[in-house]
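Read the structure below first, then the notes.
The values are calculated or read from the model by the stated rules, or taken from the named source; none is laboratory data. Not measured: the values here are computed from a predicted model. All Cβ positions, even for glycine, are placed from backbone atoms using ideal geometry, and neighbour counts span all protein chains on display. Accessible surface areas use protein heavy atoms only, side chains included; no ligands, DNA or RNA. Shrake-Rupley method; radii C 1.70, N 1.55, O 1.52, S 1.80 Å.
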Amino acid sequence: MKVIFLPLVIFMFLVVLITSTFAVINHNTYIVGGEYVVHEGEIIDGNLVVLFAQVKLEKNTHIQGSIRSLSSTVDIRGTVKGNILSLESEVLVRNSAQINVIPDDTGVFPFVILLPEMARWNLSSGR
């Protein structure tokens, strides 16, 4: 068990470290673990990066940039201006969704790993 647990802990530490570094540099919205809802009328400037989480974009929400997801579930009902790139993620595009590009799934692992809420950064709105 220790053989599997230690690499997983190191991997998660590196994910959080790299994510926090990019959050400071790019001023994008990052979600690591847990469930998150972008409520109707909300606008996210920049990209939305989702790692090991469940995200729901309600109707009349706007993502001004791209969505990038790793081992996550993304339910899109709103507008996404940029690309949607997923790596071993489930991307649901509903009838009300307005997207420019069909989501591209790059498959490597045969499963999705969801984690409890670990971190959430959105430096542009102060949350």
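Looking at LEU48, LEU92, which is the one that is over 12 Å from the mean Cα position of the chain (by Cα) and either buried (at least 22 other Cβ atoms within 10 Å of the Cβ) or over 22 Å from MET12 (Cα atoms) (or both)?
None of the other options fit; the residue is LEU92.
Kindly indicate which of ILE25, ILE44, ILE102, ILE67 is at pLDDT 90 or above, out of contact with any helix residue (DSSP H, G or I) (no Cβ under 9 Å at 6 or more places or on another chain) and of a type in the set (Val, Ile, Thr).
ILE67
If we keep just the residues of segment 51-89 that are farther than 18 Å from VAL15 by Cα and of a type in the set (Ser, Thr, Tyr), which is least open to solvent (accessible area, probe 1.4 Å)?
THR61
So, in segment 60-94, how many residues would count as being in a loop (DSSP other than H, G, I, E, B), closer than 19 Å to GLU35 by Cβ and not β-branched (Val, Ile, Thr)? Working first, answer last.
Taking segment 60-94 first, the residues in a loop (DSSP other than H, G, I, E, B) are 60-61, 64-66, 71-72, 77-78, 81-83, 88-89, 94.
Remaining after also requiring closer than 19 Å to GLU35 by Cβ: 61, 71-72, 77-78, 88-89, 94.
Among the residues that remain, those that are also not β-branched (Val, Ile, Thr) are: 71-72, 77-78, 88-89, 94.
Count: 7.
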